[in-house]
Amino acid sequence: MLSRRNDLGRTDSNNRSAMQAFKHSLWLFAQREMMFLFWKFLYTGIEVSIFSGVYSAAVGFTEKLGPEAKRLVGLCGILVGVGEVFGGFTFGLLGSRTVKKGRDPIVLLGFLCHTVAFYLIFLNLPNSSPIGPTTDIAYIFPPCAGLAMLCAFLLGFGDACFNTQIYSILGGLFADDSAPSFALFRFTQSGAAAVSFFYSSSVPLGIQLGILEFFCLIGSFTFFIVEWEDARKKRDLAFESLIQSPAEEENEERHPEEELR
């Protein structure tokens, strides 16, 4: 009987703690900074479906690339991975410097990489390439395999730019709530990726690239807002500390004089 009561007590406490964690996550999601970052989370989920499945399939379905089109599918995945590793390694080494000088230049670099990649993909691959095998042509004829591989690298590198800075800003802004903040990031990213995978095989390439560019622009802009506000708060705190330190020194000097009197 006692063991059953203990088990029931533990179950009730676990349920309460899980409910409290859920409520706290909802409260955290409603914070101004998190609601701005939500758009960047959303974009990273949408673009996951592009570089992990849609783009390589579109290259393989473009028959104008010749008999090597199917072989380029695997090479696309390799170059996306190379871009991810190169970006993660580079910005991982420069992590301390980026925190001091700001995360926005790296996010801007990722935005430019993805914007260039989307434009080149639009010029290089036919609009019907994500849907199935096609002999259609795009604006570049014949399609360029080297350009397709460059776009794969840019997609991976840009994704590394975004993800490294998202991890950095979440760890800085929500240091006391790191677990729920990262959980919200992964939840939003996974949900956006699921929705994107659902429509990616039936929507033309041009529309998918337009959706990506829209959310890339909105997500980058909202990330900049959060980053600039965080930098302004840090400057204000540093300025206040500089003002308070001389005043504290003057007070310390006055106390011994008053004691002597």
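Results, tabulated for the structure shown:
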{"quantity": "Length added when fully stretched, Ile78-Leu112, from 0.36 nm per residue minus Cα-Cα", "calculated": "10.1 nm"}
{"quantity": "Gyration tensor over alpha-carbon atoms, the range 173-212, equivalent ellipsoid semi-axes in Å", "calculated": "31, 11, 4"}
{"quantity": "Computed lengthening from Arg235 to Phe141, 0.36 nm per intervening residue step minus Cα-Cα distance", "calculated": "28.6 nm"}
{"quantity": "At R0 = 51 Å, FRET efficiency that the Cβ-Cβ distance of Ile207 and Ala179 yields, to 0.05", "calculated": "0.90"}
{"quantity": "Calculated FRET value between Leu26 and Phe221, using beta carbons and R₀ = 22 Å, to 0.05", "calculated": "0.30"}
{"quantity": "The range 69-166: chymotrypsin sites (Phe, Trp or Tyr not before Pro) in DSSP coil with no more than 16 other Cβ atoms inside 10 Å", "calculated": "Tyr139"}
{"quantity": "Difference of contour (0.36 nm per residue) and Cα-Cα distance, Leu93 to Arg71", "calculated": "4.5 nm"}
{"quantity": "In Hz, Karplus ³J(HN,Hα) per residue of the range 39-48 (6.51, -1.76, 1.60; θ = phi - 60°; x = Gly, Pro)", "calculated": "5, 6, 4, 4, 5, 4, x, 5, 6, 4"}
{"quantity": "Principal axis dimensions, the range 28-177 - Cα atoms, whole angstrom, descending", "calculated": "54, 32, 22"}
{"quantity": "q = 0.19, 0.31 Å⁻¹: log10 I(q)/I(0) that the Debye formula gives for the range 124-165, counting C-alpha atoms only", "calculated": "-0.67, -1.01"}
{"quantity": "Cα shape, the range 104-199, gyration tensor, a/c 1.5 rule", "calculated": "oblate"}
{"quantity": "Inter-label distance, nm, simple model (7 Å from Cα along the C-beta direction), Phe38/Ala194", "calculated": "1.7"}
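Throughout, read-outs are computed from the coordinates displayed, never taken from laboratory work. Keep in mind it's a predicted model, so treat the numbers as computed, not measured. Methodologically, a virtual Cβ is constructed for each residue, glycine included, from the backbone with ideal geometry; neighbour enumeration extends over all protein chains shown.
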